[in-house]
Amino acid sequence: MPRTGTTSLSIGLTKMGFKTCHCVFNDKLYDKADAFADTPIFADYKELSLRFPDAKFIYTERPANTWIKSFMRVYPYFAMDLQLEDTAERIITKKAYEKVFGAIHFNKHLLIDQFLAHQSEVREYFEGSKQLLPISINDPLAFNKVNGFLELDDLNGSFPQVNAGMQVKGWDEWNHPNKMPSL
């Protein structure tokens, strides 16, 4: 889900050696990268789990009360951007947001309800499966949990804290050979 640490996760995955795409606005990227985050993954996880049955899903979580504060700080600007001329990026983003949140709106209580419903739906969908790791990026053990989940050698590290507050450009500013484009 947006504003739950997907950029921090993406940066961490590049450091772990995965070709990582934060947001996927071109279907061909699924064949070129190893890891994907954010849009439209949070909306299309069911379809992606069927398309890639051996895939593992890391679901970044945070408490609803801190999520809504973060989301509402950037969402008005984001919603205005979505009203501009359609591009591949905007079309995919609109579809993802409408799939999870319904129409683009600013009803705080409804957004929280939809956020919590999404968390429940994801957990229920993967229940009994070893395909899902729910984590909080702020958990000091998150990096180790991801290493174990992905069956990697023990790597020391932590996830960077990026995109706090009004920041949204953490991925754009990140340079790494494993960073993949979104388009």
Worksheet, complete the sentence: If we take the stretch 64-183, then helices (runs of 4 or more DSSP H) inside it with 1 or more residues that are hydroxyl-bearing (Ser, Thr, Tyr) and surrounded by 13 or more Cβ atoms within 10 Å (Cβ to Cβ) are 64-82, 88-101, 108-125
Worksheet item: So which of Asp31, Asp38, Asp54 ends up being over 20 Å from Val146 (Cβ atoms) and of a type outside the set (Phe, Trp, Tyr)?
Response: Asp31
Practice prompt. Select, from Thr4, Thr14, the only residue that is part of a loop (DSSP other than H, G, I, E, B) and touching a Lys or Arg at 6+ places or on another chain (Cβ under 6 Å).
Written response: Thr4
Worksheet item: Is there a residue in the stretch 163-180 that is small (Gly, Ala, Ser) and farther than 20 Å from Cys21 by Cβ?
Response: yes
Item to complete: Run Leu48 past the list (1) exposed (fewer than 13 other Cβ atoms within 10 Å of the Cβ); (2) closer than 16 Å to Gln131 by Cα and report the number of the one that doesn't hold.
Response: (1)
Worksheet item: Any idea which of (1) part of a helix (DSSP H, G or I); (2) crowded, with 23+ Cβ neighbours inside 10 Å is the one Val24 doesn't satisfy?
Response: (1)
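A quick yes/no check of all residues on (1) aliphatic (A, V, I, L, M); (2) over 27 Å from Val74 (Cβ atoms); (3) without any contact (Cβ under 8 Å) to a residue 24 or more places away in the chain:
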| residue | (1), (2), (3) |
| --- | --- |
| Val122 | yes, no, no |
| Pro140 | no, no, yes |
| Asp154 | no, yes, yes |
| Val162 | yes, no, no |
| Lys169 | no, no, yes |
Discussion item. Can you pull out every residue in the stretch 42-62 that is more than 21 Å from Gln114 (Cβ to Cβ), without any contact (Cβ under 8 Å) to a residue 40 or more places away in the chain and of a type outside the set (D, E, K, R)?
Written reply: Leu50, Phe52, Pro53
Fill in: Single residue of the stretch 49-90 satisfying the filter (modelled with pLDDT under 95 and aromatic (Phe, Trp, Tyr)) that is farthest from Asp38 (Cα to Cα)
Tyr77
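The values are calculated or read from the model by the stated rules, or taken from the named source; none is laboratory data. Here the structure is a predicted model, which means the values were calculated and not measured. Don't worry about glycine lacking a Cβ; one is built from the backbone with ideal geometry, like all the others, and counts go over all protein chains shown.
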